[in-house]
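This report concerns only the one structure given below.
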Amino acid sequence: MNRQYLVAGGLCLLLARPAAAQTDPTGGPDPAAVRVRLGPLWLNPTIELTNLGIDTNVFNDPESDNPKQDFTLTVVPKTQLWLRIGPSWISGEIDEEVVWYQKYVSERSANTAYTIGWKIALNRLLFDVGAKYVSTRDRPGYEIDERAQRFDTLFRGKVEVRALSKTFFGVNATREKVEFDSHEVFLGSNLQEELGRVVTTVGGTVRQQLTPLTSVTFEGSDEQDRFELSPLRNSDSRSVSASVSFDPLALIKGHARVGYRDFKPLQSGVPRYDGVTASADLSYVLLNMTKFAVQLLRDVQYSYDVNQPYYLQTGVNGSLTQQVFGPVDVVGRGGIQHLDYRDRAGVPDVGSRLDEVRTYGGGVGYHVGRDLRIGADVDYVKRTSPIAIRQYHGLVFGTSVTYGF
């Protein structure tokens, strides 16, 4: 699950021990990064206390509504696992997140995500199938302030053929179902009626393995979004993109993608978008002392508002972590997001709207051995909007602790 909200506070950008490196093309882990082995089963458990402190604006209320303050904590136990079966690996991840508020019981939640995958290498063929299930009351993005119960179910599959020594041709497909609890309402809109949908994507890829740690992929895909209870949001999309991926053992880690999307709503009154899309999640460590990280996103996102059924989100988040001396480090982070809304034709009193979300934060940490870090963190978020009730600002500060077994 892509956590977009910095208001969660105490964000651990360099707290968890790095995930196991996927150097095996069949999906196996880096043996040096695995901490627990039970026969053929390899495990990588971690636990994080991502925030223990104060949230000064629990409900993201505007200043005129007297924002509410509360003591909060978030605990995140997580386990990665791998199982070798012949020429294949079964991999999985179990994420549990417990969010607790002292006074406002309605904001407490237990969020769960289960992921499983199976990669099979057969000479020149590679099969990759998987599934993911998420049950969460986390905020679903920068727009909706309600901690709404949501269920995501995703199935995916991919087949790649190695045509040349370093060139691979592939086909892939995914099917994702997004559901909200039928009682979840935000600003008068029932979220299941407005945002419950099924997303089906099929595509083809050409991947070139430039080095053992770097690959470039060209992809074309067709996507169908179908809303059973709100068919005016139905859309078809065609996309082309180029991306580069770096192995976790590479100097630069992560991936970056740039593409073009032709987004065509099927309802005639909803405007079309055709333009550039992009995403990135990259990090770089300099001299084992300084870590740079950046996340970028530009793409279409659906809105709860039937009169402005989608917006173009363009944003970037970045962080810099510096080892000051010995076991002490400091981190600074910030980000900006633009939510550019598109109007449905024929709706009166709907003007152009651009919401902006700015985030700032920082912290200091102390490392105890290889696996334990204790930190103090502060995060501030501010949203501006032409709509007065959509404006707010809030501060979260507290302690964070991460331990990897």
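With the structure loaded, tell me whether Ile116 is in contact with a Gly (Cβ under 6 Å, 6 or more places away or on another chain), hydrophobic (A, V, I, L, M, F, W, C) and modelled with pLDDT of 95 or more or whether it fails that test. Full working, then the answer.
Values: in contact with a Gly (Cβ under 6 Å, 6 or more places away or on another chain): yes; hydrophobic (A, V, I, L, M, F, W, C): yes; modelled with pLDDT of 95 or more: yes.
For Ile116, the condition - in contact with a Gly (Cβ under 6 Å, 6 or more places away or on another chain), hydrophobic (A, V, I, L, M, F, W, C) and modelled with pLDDT of 95 or more - is met.
What residue, among those in region 156-181 that are in contact with a strand residue (DSSP E or B) (Cβ under 7 Å, 6 or more places away or on another chain) and small (Gly, Ala, Ser), is nearest to Gln192 (Cα to Cα)?
That would be Ala173.
Assuming Trp100 fulfils every condition listed in (1) modelled with pLDDT under 95; (2) surrounded by fewer than 18 Cβ atoms within 10 Å (Cβ to Cβ) apart from one, which condition is it?
Result: Trp100 fails condition (1) only.
Restricting to region 348-390, count the residues that are within 22 Å of Val300 (Cβ to Cβ), β-branched (Val, Ile, Thr) and outside any strand (DSSP E or B).
2
Scan region 168-212 residue by residue and report those that are of a type in the set (Asp, Glu) and within 23 Å of Val129 (Cα to Cα).
Glu176, Glu179, listed by residue number.
When the residues of region 103-113 are filtered to those that are of a type in the set (A, V, I, L, M, F, W, C) and either at pLDDT below 95 or loosely packed, with under 15 Cβ neighbours inside 10 Å (or both), which remaining residue is nearest to the chain's Cα centre (by Cα)?
Going through the qualifying residues, I end up with Ala110.
Just checking, which of Asp305, Asp225 is buried (at least 18 other Cβ atoms within 10 Å of the Cβ), part of a loop (DSSP other than H, G, I, E, B) and of a type in the set (D, E, K, R)?
Asp305
Mind checking which pairs have a first residue in region 197-215 that is within 15 Å of Phe168 (Cβ to Cβ) and a second that is part of a loop (DSSP other than H, G, I, E, B) and not acidic (Asp, Glu), Cβ under 7 Å, 6 or more apart or different chains?
Within 7 Å, the pairs are Gln208/Lys166; Gln209/Lys166; Thr214/Ala250.
Applying the selection to region 309-347, what residues are assigned to a loop (DSSP other than H, G, I, E, B) and buried (at least 19 other Cβ atoms within 10 Å of the Cβ)?
Passing the criteria: Pro309, Arg344.
The values are calculated or read from the model by the stated rules, or taken from the named source; none is laboratory data. What you see is a predicted model, and the numbers here were worked out from it, not measured in a lab. Note: ideal-geometry Cβ built from the backbone for every residue, glycine included; neighbour counts use all protein chains shown.
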